[in-house]
Amino acid sequence: MCRLLGYIGSSIPLDYILSKPEHSLIVQSYQPLEMNSGVVNADGFGIGWYHLEKETNPFIYKNIIPIWNDVNLPSLGRYVESGCILGYVRSATTGQAVDMSNCQPFEFNQLLFIHNGRIENFKQTLMRPICEALSDTAYKFIKGSTDSEHFFAVFLDEYLKNPDGTLEQALRAALLKLDELAKIHQVSASANIIISDGKRLIAARFASGIECPSLYWTRDDLAYPKSVIIASEPVFKGDWHRFSEQSILSVGQDLEIEIHQLSTN
């Protein structure tokens with residue numbers, strides 16, 4: 001079950017958060033401490049970041065090899081700096097292809113999206129019901145076969161149908177729809193999410209009929225002042241806070257944090 005990381009705050013080189021901490025995302029790829037399924041995250045990875053000065057779509061670097069084997073990442077990590085970074089290492093669900101179309105982050109205009117979790121027996125259970133409920137625009141967006149990308153399409157559908165709404169509202173509606181479908185079809189589903197538009201981070205820890213994957217956040221650590229970090233596992237020793245189950249956390253442009261509980265029946 002994949003590992004996630006989101007950073008927003010003062011500009012830093014990518015490697016300062018991806019590889020240098022004692023329990024960095026790279027370490028979590030081969031030595032995770034809190035995964036409730038799988039052993040390693042060796043089925044590819046992806047990094048997304050935003051330009052420091054220009055209002056432009058985010059940049060993404062992906063590969064289907066283990067993150068520890070990518071010889072280009074160390075140089076890229078030293079060269080690129082950003083104040084908003086998302087990272088992901090993948091542990092593919094059995095039967096899912098390890099290819100670029102199934103590699104995160106997923107992107108739509110200014111938005112980046114990463115997901116950790118699973119839908120039980122996805123292809124046999126919720127894949128078709130999800131697709132049938134999507135708008136034509138959201139359905140055509142899907143390029144791969146993962147439950148992660150299909151859930152991104154559910155989120156995107158909610159986001160596009162209410163252009164004056166917030167990312168939090170769209171994510172809440174998507175999670176409640178996932179919960180409803182999971183209960184109707186009597187399957188379990190989990191969805192830890194990090195979303196960004198380059199100015200804010202929105203994250204959720206959610207599950208239906210199964211234990212939530214781990215997710216933590218910390219703010220203004222001495223080594224990372226004026227920043228918020230969200231991660232599947234703490235990446236260094238510090239004042240980490242465990243996400244409440246069934247919650248959405250928002251980080252504003254001023255790094256102010258708001259937490260809202262999701263109510264499910």
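The values are calculated or read from the model by the stated rules, or taken from the named source; none is laboratory data. From a predicted model like this one, the values you see are computed outputs, not experimental measurements. Here the Cβ positions follow ideal geometry from the backbone for every residue, glycine too, while neighbour counts run over all protein chains shown. Accessible surface is based on the protein model in full, side chains and every heavy atom, while ligands, DNA and RNA are left aside. Shrake-Rupley method; radii C 1.70, N 1.55, O 1.52, S 1.80 Å.
Checked against the criteria, A173 does not count as open to solvent by less than 30 Å² (accessible area, probe 1.4 Å) and of a type in the set (G, A, S).
For the range 198-265, list the strands (runs of 3 or more DSSP E) that sit wholly inside it and hold at least 3 residues that are touching a residue at least 40 places away in the same chain (Cβ under 8 Å); which are they?
Values: elements: 201-208, 216-221, 224-231, 247-251, 257-261.
Per the criteria, 201-208, 224-231, 247-251.
Restrict the check to the range 139-159 and report whether at least one residue is over 20 Å from the mean Cα position of the chain (by Cα) and closer than 27 Å to F243 by Cα. No, the range 139-159 contains no residue that is over 20 Å from the mean Cα position of the chain (by Cα) and closer than 27 Å to F243 by Cα. The residue list I184, I202, I210, I257 contains one member that is of a type in the set (A, V, I, L, M, F, W, C) and open to solvent by less than 10 Å² (accessible area, probe 1.4 Å), which is I202.
Selection over the range 106-151 of residues that are in a helix (DSSP H, G or I) and either in contact with a Phe, Trp or Tyr (Cβ under 7 Å, 6 or more places away or on another chain) or more than 16 Å from V89 (Cα to Cα) (or both) gives a count of 20.
Listed here are the residues, each with its yes/no results for (1) of a type outside the set (S, T, Y); (2) touching a Gly at 6+ places or on another chain (Cβ under 9 Å); (3) modelled with pLDDT under 95.
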residue: E180; (1), (2), (3): yes, no, no
residue: Y216; (1), (2), (3): no, no, no
residue: D221; (1), (2), (3): yes, yes, no
residue: K226; (1), (2), (3): yes, yes, no
residue: H241; (1), (2), (3): yes, no, no
residue: E256; (1), (2), (3): yes, no, no
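Among the residues making up the range 98-118, none is over 30 Å from E55 (Cβ atoms) and either modelled with pLDDT of 95 or more or more than 19 Å from the chain's Cα centre (by Cα) (or both).
Table: residues versus (1) under 26 Å from R200 (Cα atoms); (2) in contact (Cβ under 8 Å) with a residue 12 or more places away in the chain; (3) among the small types (G, A, S); (4) open to solvent by 50 Å² or more (accessible area, probe 1.4 Å).
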| residue | (1), (2), (3), (4) |
| --- | --- |
| R78 | yes, yes, no, yes |
| G83 | yes, yes, yes, no |
| A97 | no, yes, yes, no |
| N102 | yes, yes, no, no |
| P105 | yes, yes, no, no |
